[in-house]
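Engineer: Can you read through this structure? Questions will come right after.
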Amino acid sequence: MNARFWINENGSPVKVTLRPGQSLEWSQGGPTDEGWSASGWTLEQPMDRPEWVTLSLWSDGRDCDGRLSRHWEGECHITRLHSHLNEYTHPSGQPDWSEQGAGQRDYSAEAAGY
């Protein structure tokens, strides 16, 4: 069964369709007034767990405070792909992601011994 749902990207709703075993990736990045930034995501409907959709988010960048990298991983059962509603979601709802892991790395803090 295909997974069809809405996400927000660049301020607009985008309809996504994933087949079992398929993954989609998106990223953006470039220079900023203080350094650089990049971010992206990967959506997947695993072949071995086709009733689930997984989401991996990441961001990386450098500014006057140094480099900071972050990541977040979540999943959503296909029955909950239209469950999350608020003023920013598509009228039919968006996935109700369940966090599976997250973290960050502050390179400047590490170099300072924190």
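The values are calculated or read from the model by the stated rules, or taken from the named source; none is laboratory data. Predicted model only: the values in this text are computed from it and were never measured. Cβ sites come from the backbone with ideal geometry, for glycine too, and all protein chains shown count toward neighbours.
Engineer: Could you check how many residues of the range 64-114 are under 28 Å from Asp33 (Cβ atoms) and aliphatic (A, V, I, L, M)? Working first, answer last.
Structural biologist: Residues of the range 64-114 under 28 Å from Asp33 (Cβ atoms): 64-72, 88, 102-112, 114.
Filter once more, keeping what is aliphatic (A, V, I, L, M): 68, 102, 109, 111-112.
Total satisfying the criteria: 5.
Engineer: Give just the number: which of (1) of a type in the set (Asp, Glu); (2) within 20 Å of Trp6 (Cβ to Cβ); (3) modelled with pLDDT under 95 does Glu75 not satisfy?
Structural biologist: Unmet condition: (3).
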